[in-house]
Amino acid sequence: MAMVIGLVADLNAQTVSLNMESGNRSIDAANCWSFPSVSYTNTSSSVISGSYTAQTGQLSGSTHSVISPWLLNPSGTITFKHRLSTNNSATDRKMRVISYDYNTMQYDTLYTYANYTSANATTAVSASVSINKSGVFKLFFSFTGTSGNSRGLIDDIIIPATYNSSPANGCIPANTATDTDGDGVIDSQDDYPNDATLAFNNYMNANYSSLMFEDLWPGKGDYDFNDLVVNYRVNRITNASNKIAKAQMVVVLRAIGASYKNGFAFQINNLSPSKIISISGQKLNESLYTLSSNGTEASQTYAVIPVFDNALKTIGYTGGGSGVNVETNGGSIAYDSTTLTINFDVSGTGVSLSAFGGSTFNPFIVINQTRGRELHKANDIPTSLVNNALFGTVQDRSNPSQGVYYKTANNHPWVIETSSSIAYMKEKNQLTAGYLKLIDWVISGGTSYTDWYSNTSSGYRDASKIY
Amino acid sequence: MKATSTSFLAFVFILGISLSSCKRDVEVTPNTQSVRPANFEELDAPSSFDWETNKSILISLTGYATSAPNEQGVITIMDENENVLYRGFHSPQLTFEQELLVPQALKTVRVKFGVTDKLIQINTNTVSGTLLPVLPDVN
């Protein structure tokens, strides 16, 4: 009868153990064991059992420990094996087991072994240590010594306790962190700790990007790429299921080096318009776009979000002629900032960061209020409302069947985007005249001078040509 | 006869020049300009050049066996300047895979998950590794 009770007790007992047989401290460290000045060895003369044993550095003045994860209510008998690597300075060495209380921050020495001698130092000691504590604790299995080159060895640690660490949250004690909105993301990690529908900011671009357009497409322009200049940054806010719940896009209209009334929009390639619930913040003063009820453009295969429909009106330019913020001897107008908020449908598979990411983000302008005359970056696909008859005309050498769009016969684009904000060109000054390494970047096939737009060292820019 | 011979010689002369011109045109192909272009008018970009200052990278990090299999934690990917490229929830025993658009010049990313905080090189647009921490060597 006693044996049956004992057996039941063993089946119900919880233990936390470490036998080093992973052979990789990193795996055990990921599960919240710590190894200050301790490694794993598989040298046969050092291994206590199995293939691997934990081994300290040379015990010459510092403490070397194997530290357990956080444990709940350790109670019973701790067992482990320990010895030294050699008998060098054996009597100088001590081995201790020390508990640390999470709540009181108090240490308690549970076991001290000071009996290493030159005769017994390399013979493994099978230790049994009683513990009876309530609460959350760590255990330190520590070796100390003041001089000499012998090392501590320890193996087969078994602790009667419940594992109580949180490996995925930096190994803090489990169930101690606050999650105010109950979305599963602890407050310290949650960008929106009081909103269960939002969790993480995910900026598509780390800094504002610049988009610079030549708007005479399909005809060539003057290569100053300042007919329309905008900066933009997109924050895709995901929930605890990593689905995009909301996106916030800031578009800063900086310059208009032309007289055309251009609109700016973007398409999310391959995304159904129905995945968007609503859009707010658009600046629409003309009848250029026909919108669906959710704010996306109607009659589109993919989601198309208009931002503004007339750059000149958006920036508040009421004068005649052309040129806003591109001539240094002309007047300047304050940049215009537009903030869009886009709400996404998170049901079902929702919208992933890949579905609305840098490779699917497809910005474009609509030239001079002619809806079918839309201009995208080189090789970006047009929307459903493009006038396909414009491809291959004037200087455009698009070949849609080959996936080639918006390039000239010399493979020039009409749009330049930089991954960080840059100063744009003064009117009638080619981009190559201001950014002196752009040509070298191009002829290298993009392998050299990848910083042509961001490097301000000598030889990279001619500031006299840059606005 | 004399006039005919002269005309014939002139024809041959002109033909020779024309053929030489054609031969010269065929030799000048895009991507092999021997003189550095000075401006856009002189620039032939490689046909495959996409003018992108960003690149798409695929991050693939193997998970590990965990003592808390039902847990999830936040994984953060940053660039060399600690700008956050990605934040999301992840289970440690699963492989983490994510495509990100980053500047062309970016050479390493920093990965933070659980107790792991390490730099990983970008090799031909892939970042491969594990979610395990890197521990210092012990002498």
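Please treat every number below as a calculation from the coordinates, not as lab data. What you are looking at is a predicted structure, and each value in this text was computed from that prediction instead of being measured. Note: ideal-geometry Cβ built from the backbone for every residue, glycine included; neighbour counts use all protein chains shown.
General remarks:
- Candidates A:184, A:221, A:170 - the one that is under 23 Å from residue B:94 (Cα atoms) and either in contact (Cβ under 8 Å) with a residue 12 or more places away in the chain or charged (D, E, K, R) (or both): A:184
- Comparison of A:432, A:370, A:383 shows that the only residue that is farther than 27 Å from residue A:203 by Cα and either more than 14 Å from chain B (Cβ to nearest Cβ) or among the acidic types (Asp, Glu) (or both) is A:370.
- Region A:152-189, residues that are at the interface with chain B (Cβ under 10 Å from one of its Cβ atoms) and closer than 22 Å to residue A:24 by Cβ: A:163, A:165, A:166, A:167, A:168, A:169, A:170, A:171
- Of all positions in region B:107-128, at least one carries a residue that is under 20 Å from the mean Cα position of the chain (by Cα) and among the small types (Gly, Ala, Ser).
- Checking each residue of region A:457-466 against the condition of being more than 10 Å from every other protein chain (Cβ to nearest Cβ), under 32 Å from the mean Cα position of the chain (by Cα) and of a type in the set (S, T, N, Q) gives at least one match.
- Exactly one residue among A:208, A:203 is away from every other protein chain (no Cβ under 11 Å), hydroxyl-bearing (Ser, Thr, Tyr) and more than 23 Å from residue A:394 (Cα to Cα), and that residue is A:208.
- Any hit, region B:55-65, residues being of a type outside the set (A, V, I, L, M), over 26 Å from the mean Cα position of the chain (by Cα) and more than 7 Å from every other protein chain (Cβ to nearest Cβ): yes
- Within region A:66-111, tally of residues that are hydroxyl-bearing (Ser, Thr, Tyr) and surrounded by 24 or more Cβ atoms within 10 Å (Cβ to Cβ): 1
- Enumeration of residues in region B:87-105 that are more than 7 Å from chain A (Cβ to nearest Cβ) and farther than 24 Å from residue A:26 by Cβ: B:100, B:102
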